[in-house]
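Only one structure is covered here, and it is reproduced in the block below.
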Protein chains: 2
Amino acid sequence: MPGIDKLPIEETLEDSPQTRSLLGVFEEDTAAISSYFSQLFKAMQRIYDAQNELSAATHLTSKLLKDYEKQRFPLGGDDEVMSSTLQQFAKVIDELSSCHAVLSTQLADAMMFPITQFQERDLREIVILKEVFQISSDDHDAAINRYSRLSKRKENEKVKNEVMEDVYTSRKKQHETTMHYFASLNMLQYKKKIALLEPLLGYMQAQVIRHESQCKDLY
Amino acid sequence: MPGIDKLPIEETLEDSPQTRSLLGVFEEDTAAISSYFSQLFKAMQRIYDAQNELSAATHLTSKLLKDYEKQRFPLGGDDEVMSSTLQQFAKVIDELSSCHAVLSTQLADAMMFPITQFQERDLREIVILKEVFQISSDDHDAAINRYSRLSKRKENEKVKNEVMEDVYTSRKKQHETTMHYFASLNMLQYKKKIALLEPLLGYMQAQVIRHESQCKDLY
């Protein structure tokens, strides 16, 4: 990969316009990733919800067939052939419902869990770090501002020392925050691939497991 | 089946209390069938809707993966390995989505169509016939009532003839309506079994076709 794919952590102290410009590109890329993952997350959530609904509806159908015997039909309640046929249908549909439920669990573990983690942990972390970075940049700017005004006047030693201490502390803070922010943005470029492939593999795995395990003999 | 499972059409003209009582049992049974089928219909509709949603959500996921290439990511847009991997995932998921769509169509034709027909045609016909039966019974009662009052007074020949004509017409109407109503109630006892088994067989068939045809080699 070309060098552009990495924010230079060693230049965080200098905070040059070039580094700021490169940061802008990384932030734009992160916004595009967030938007794309948000759409993918919604689509996968729909698959998962539909699979759950399919499982629940199939289970309900099986339950209704089992309940046929208990229904009070004033006529034809003595129809044993019908009852036993429906019981057999109910049994098979019940097993299909179990298969759907197994698939739901698989999707929850192998598809929804990783993409949710990426959304709620990794992408959220960057949003928070961006805020922290903004705050510490503002603090640093304010301290520098106070220091530059200070030099033009005659102040006592105590105030001067306080302001210089403030500049030192805020620069140190901003340096740390920037390093943390840059490191997370760099890491995201690697994480995004895993984050994209992992739930897809989970989806595939769930489909395969469903058809290789206990559900196979049903068809 | 014992004789109780049939309303005697030959006794519709006599309209005896015994026949009316038996009619009550049939109407109660029809109400139980309607209620049971209404629940089953809802459960099957849920299966069908969930299957449609699964098909749509899977299709959307595949579409999003295909769109990955077109996304404007300022960084890493040159990652061809990632792009071609996602294209392959998209292809498989697209085929899965087609399988879901085939299953949806199968469910629509073989499960939803027969149970909807039974709900909207057969059960609805009985509701309408019950109303028509009620109206013609009331008309007949009214005509008989007018006739019984008539015999106590001295009326002219013309009015008397009119009232007698009315009794004849309304009795004829009620007889026809009752025969039609009884025949439909009798028929329902046979139809209900087909109506119950047909959508279930359709459901099973859809599941089997799905896994024996073009979708089998996907797993």
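The values are calculated or read from the model by the stated rules, or taken from the named source; none is laboratory data. Every value quoted in this text rests on a predicted model; they were computed, and no experiment measured them. Neighbour counts run over all protein chains shown; Cβ positions are idealised from the backbone, glycine included. For the accessible areas, the whole protein counts, side chains as well, though only heavy atoms, and no ligand, DNA or RNA atoms are used. Shrake-Rupley method; radii C 1.70, N 1.55, O 1.52, S 1.80 Å.
Averaged over its residues, chain B has an accessible area of 54 Å² per residue, based on protein heavy atoms and a 1.4 Å probe. The charge dipole of chain A, taken about its Cα centre with unit charges on the Cβ of Lys, Arg, Asp and Glu (plus for the first two, minus for the last two), comes to roughly 640 debye. Applying the Karplus relation 6.51 cos²θ - 1.76 cosθ + 1.60 with θ = phi - 60° to the stretch A:199-206 yields 3J(HN,Hα) values of x, 5, 5, x, 4, 4, 4, 4 Hz, where x marks Gly and Pro.
Taking Cα atoms only, the orientation of helix B:80-107 departs from the longest principal axis of chain B by about 10 degrees.
Rounded to the nearest 0.05, what FRET efficiency do A:Gln71 and B:Gln88 have when you use their Cβ-Cβ distance and R0 = 51 Å? So, using R0 = 51 Å, E works out to roughly 0.50. Here is how far apart the B:Lys70 label points are across copies: 5.3 nm, shortest first, using a point 7 Å from Cα toward Cβ. Give me the percent of the accessible area of chain B that comes from carbon and sulfur atoms, probe 1.4 Å, all protein chains in place. Ligands and nucleic acids excluded, carbon and sulfur give 55 percent. Under a Gaussian network description of chain A, with springs only between Cα atoms under 10 Å, the residue in A:Gly76, A:Gly24, A:Gly202 that fluctuates furthest is A:Gly76.
Assuming R0 = 35 Å, can you tell me the calculated FRET efficiency for the pair B:Met204 and B:Asp5, based on Cβ-Cβ distance, to the nearest 0.05?
Working: r = 28 Å, r/R0 = 0.80.
For R0 = 35 Å, the calculated efficiency reads 0.80.
Counting alpha carbon pairs within less than 8 Å and at least 6 residues apart, what relative contact order, in whole percent, applies to chain B?
RCO, chain B: 32 percent.
Position A:Pro17: other-copy label points at 10.8 nm, ordered by increasing distance, label point 7 Å along Cα→C-beta. Of all residues in chain A, the one whose Cβ lies closest to the rotation axis carrying A onto B, together with that distance in whole Å, is A:Ala50, 3.
Our coupling estimate for the stretch A:58-75, obtained by passing each phi through the Karplus curve with A = 6.51, B = -1.76, C = 1.60 and θ = phi - 60°, is 5, 4, 4, 4, 4, 5, 4, 5, 5, 6, 3, 4, 7, 5, 8, 9, x, 10 Hz, Gly and Pro reported as x. Projecting the Cα atoms of A:Leu40, A:Gly202, A:Thr169 onto the charge dipole of the stretch A:23-218, computed from C-beta unit charges around the Cα centre, puts A:Thr169 farthest toward the positive end.
From other protein chains only, count the Cβ atoms within 10 Å of every residue's Cβ in A:170-176, then give the mean. Walk me through the numbers on the way to the answer.
Values: counts 0, 0, 0, 0, 0, 0, 0.
Mean partner-chain Cβ count within 10 Å for A:170-176: 0.
In this assembly of identical copies, the label point of B:Asn186 (Cα plus 7 Å along Cα-to-Cβ) is separated from its counterparts by 8.9 nm, sorted shortest first.
Placing pseudo-labels 7 Å out from each Cα toward the beta carbon at A:Glu120 and B:Ile144 gives an inter-label distance of 7.2 nm.
What longest range of chain B stays clear of loop-exposed trypsin sites (Lys or Arg not before Pro) (DSSP non-H/G/I/E/B, at most 15 other C-beta within 10 angstrom)?
Working: sites that count: B:Lys6, B:Arg72, B:Lys152, B:Arg153, B:Lys154.
Longest site-free region, per DSSP loop and neighbour criteria: B:73-151.
Show me you know the interface measure: the accessible area buried between A and B, both chains summed, probe 1.4 Å, in Å² to the nearest 100.
Working: alone 14630 and 14610 Å², together 23850 Å².
The A and B chains share an interface burying roughly 5400 Å².
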